[in-house]
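Trainee: Pasting a structure here, questions to come.
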Amino acid sequence: RNRSQGFRFPRRAAQGKCQVGERFMRMRLLVACLTSTFLAAVPVPRVDPSPSPPPPPPLPPLVKPQQLSPHVKPLPRSFLAPISPLSSPTSPLNASSGTSMSSRPLVIVLGMPKTGTESIAKFFTCNKWKSSHWTCPGHGHCGQCLLRWVAAVAGSSIADGADLLREACGDFDVFSQIDYEPSGACIFPQVYYLPTLLRYLPNAYFVLNTRPTAHWLSSVAQWGNMLERLTQACPINPRNSTGLGQWYEAII
């Protein structure tokens, strides 16, 4: 053929080329189908994302300090400051300073047993203060002599019963544990007669020492038969550790 007509494949050649192209496309489609089928049949392991750390526990709510009774006053700095410099010759606690025991203010610990009352007594004893703990030597248990003092001053016109308390319970500056739980009795003057203490000891300092309820119950349970004595004698309901814990939280 001449150049004006252009070059063209013969009919048979064109048909052969189309058939080859068609076969090639079919093969590509077949490979694609087989590949997708194989990929779909093969299980792909699922990788879980790394677990996020647990959120931090919520902060406990802020506890607002309760308003103090007008008869209760916090310890001033002048009261606590002399306790440290025992070696100072000008310290009121120095034996040579001439400070008499009766001139010191009374310290009444209001906390329950197993709340650090013995540690408080040892603290004051180490600082030359006369401290009693549960027993007042020569006067029986502190809870007993304190009840006698309450009976003597309650309803009277006495302005300050500190000297009478020392006469009833001994010449102590600190009464660090004033409860008494004999068999069948539950005597807690710091709970039942707190208004009397505040009324007739206007110049005394009151220390309210506490600890978490669960810790207190655990300590009580490990101290002889205290748990049994308290649950049987004290006004609680139910008469078990649950009732005792509720009673403890109510009085502190």
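The values are calculated or read from the model by the stated rules, or taken from the named source; none is laboratory data. Computed from a predicted structure; not experimentally measured. When we count neighbours, we look across all protein chains shown, and the Cβ atoms used for this are built from the backbone with ideal geometry, even at glycine. These accessible areas exclude ligands, DNA and RNA; they are computed on the full protein's heavy atoms, side chains included. Shrake-Rupley method; radii C 1.70, N 1.55, O 1.52, S 1.80 Å.
Trainee: Taking the range 197-237 as the region of interest, how many residues are within 15 Å of residue 249 (Cβ to Cβ) and touching a His at 6+ places or on another chain (Cβ under 6 Å)?
Mentor: Looking only at that region, the number is 0.
Trainee: If I go through the range 192-223 residue by residue, how many of them are surrounded by fewer than 17 Cβ atoms within 10 Å (Cβ to Cβ), assigned to a helix (DSSP H, G or I) and within 22 Å of the chain's Cα centre (by Cα)?
Mentor: 6
Trainee: Of the residues that sit in the range 166-178 and are touching a strand residue (DSSP E or B) at 6+ places or on another chain (Cβ under 8 Å) and over 12 Å from residue 134 (Cα atoms), which one is most open to solvent (accessible area, probe 1.4 Å)?
Mentor: Filtering first and then ranking leaves 172.
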